[in-house]
Amino acid sequence: MLLKVKYKGEQKFVKIDDVKLPELFDSAFRKFGIAIGRLNEAKLFDSTRTEIDEDVFEEVVTSNHQHVYELCLDGTPGDFDAEMSASRESSILEPEPDTIILNVESPVQFTATTDNTAQSLIEDILKNKPGGDQILREYRRTNKLTDSARRKLVNMVVANMTEIHGTSPSRSVRERHAKGIVQLFPQLKDPFSEKGYEHFYDSDSGTGFIAWRLKTLQKRAAEDQQPPAQNKRWRGGPSSERNVTEPELLSEEQLKEALSLMRHAADDEVVRLKMKQTFHHRQRMVHDHLMSPDVLSTFSRFADVKGLIEQDFCLLFGEETSAKLLERWPTMFKAKTIEQSKTLSHISPELQELIQAAESPQSRSSDSEDWDSDLSSLVLLLFLLPPTSQGRQKPGRLSATQAAERLVVFLKTGDSVQGHLDAITQTRQPYLLAVGMSRANIHRFFIVIDKIAIPCSATTSLGAFDELFKAHFVFGTEFSDWLGNMYTFIQTTIFNIDVGLVKENPRVIELRSRFLQ
């Protein structure tokens, strides 16, 4: 029940979960900062100056048409009729000192008249919900919230929202609650988005933690249904055509000559030069759905000359952007990925092994079945940003461990790379093929795409992964549905590519806010 409380001219709202007189007294005293020691002095009177005791309080408040009651601390009701007369002439009651006038309001009236800020709205919800104080204490102590605490926070906020507005609250109500969350918990704010709270609720796409929770409480929104996220036209991602500065274009004759020379040149530097000269022609092919299947056959030197993926990516985005993963992962993101992985609610044996491998590279033998430190830490991102369900699309849902098998495949030294390619039965997005004596002792990496193995110029797992990520943009290949959250996080948060232009799962935004705040 929501009560409008006026005390010494100041109006506030008090919420009580149980219609019990002690709870009313306790909530009102705390709301106005009245000393709890004066509780024994408090008495409640109706408009006839009849005292309402604890035994009849619930019956009177819930059944009586009268909405105004007087709470006195000196044991004597004031001039109640005079106060009611004054209230009809003025919007503000002027009660006697130590007198609280309570006006029982409906939930709709409460939200329509409250002047609380979005931040105080969320704070009030947490203070009045069981477990809310625990969330506040956790944030004050650690300056962050765990996944479990964040879920509880959203559940409490949405529960309060639906109590007042039903299961289809308006867009402004959802936004106000989302805004209040990041105001109360600044470390949860996303520094990259326009408003900072889109991962809790994004009005443009109707997505976010609040929207998700509402959808679990309703089979379908009857009114004020937000358009699905896929209706928003996203302009970013690996398959988006880029505006790059074009040099003097090659004529048809010059293009044929360059392609012929590349195909037969023994000097890798000549190949790199001609690949650079034909870059814009190649990009037109990549973004033409009729020509794109022929890119790797037309430019076949990708399969034997190292560094061509890196060269094309630099032509697309520049050398400064190209260097960001190799510069920022070891110094900024690796340790935070490991730290966040330890806070996951379920630590499986596979996850525990990955964390240990990422943390202690020196303590592992060369025949270990774990990946090296860098690759283990990258795979941890799949546990922090697990694959989302693909609905009826088979297999429907993958675990993070299963998704990792679509990111990197181990091939023991001596086994045929060509045999591995021949065994591929269907086209897949690019993935890493790691060749070595063991997972901890890899000496060659390939990027496999369209049953072709492109050799990586890098000899380290981080460098090979860097080339794998860039291959998506060079060949205009969309991220795998199962790896999309991880790749999108790397694209926007580390490379800063297409920020605000690419669709991001709220979990991606939440993890970014944790890493960057």
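Taken together, the values in this text are just the output of simple stated rules run on the coordinates, not laboratory data. Quantities reported herein were computed from a predicted structural model and do not represent experimental measurements. We place every Cβ from the backbone using ideal geometry, glycine too, and count neighbours over all the protein chains shown.
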Gain upon complete extension [K336, S260; 0.36 nm per residue less C-alpha separation]: 22.5 nm
Rough spin-label spacing in nm, given labels placed 7 Å along Cα→Cβ, for T388 and H281: 4.0 nm
Distance from region 126-153 to region 265-302 (C-alpha centre basis), Å: 54 Å
Packing-based order for 268-276, 249-257, 503-511, using average beta carbon neighbours within 10 Å, highest first: 503-511, 268-276, 249-257
FRET efficiency for I424 and L217, using Cβ-Cβ distance with R0 set to 45 Å, rounded to 0.05: 0.55
Net lengthening on full extension, I164/H346 (0.36 nm per residue, minus Cα-Cα): 62.1 nm
Region 440-452 - phi-based ³J(HN,Hα) in whole Hz, Karplus 6.51/-1.76/1.60, Gly and Pro as x: 8, 9, 9, 10, 8, 10, 10, 9, 9, 8, 6, 6, 10
Sites V409 and S172, calculated FRET efficiency, Cβ-Cβ separation with R0 51 Å, nearest 0.05: 0.55
Cα-based Lys proximity count in region 118-231, under 13 Å, for pairs eight or more positions apart or on separate chains: 4
Fully extended contour minus Cα-Cα distance, from S416 to E269, at 0.36 nm per residue: 50.1 nm
Inter-label distance, nm, simple model (7 Å from Cα along the C-beta direction), E320/N155: 4.6 nm
Within region 162-181, backbone nitrogen closer than 16 Å to the virtual label 7 Å beyond the Cα of K195 toward Cβ: 169-181
Calculated FRET value between D133 and D481, using beta carbons and R₀ = 35 Å, to 0.05: 0.30
Distance between modelled label sites at S239 and D204, nm, 7 Å Cα→Cβ extension: 2.0 nm
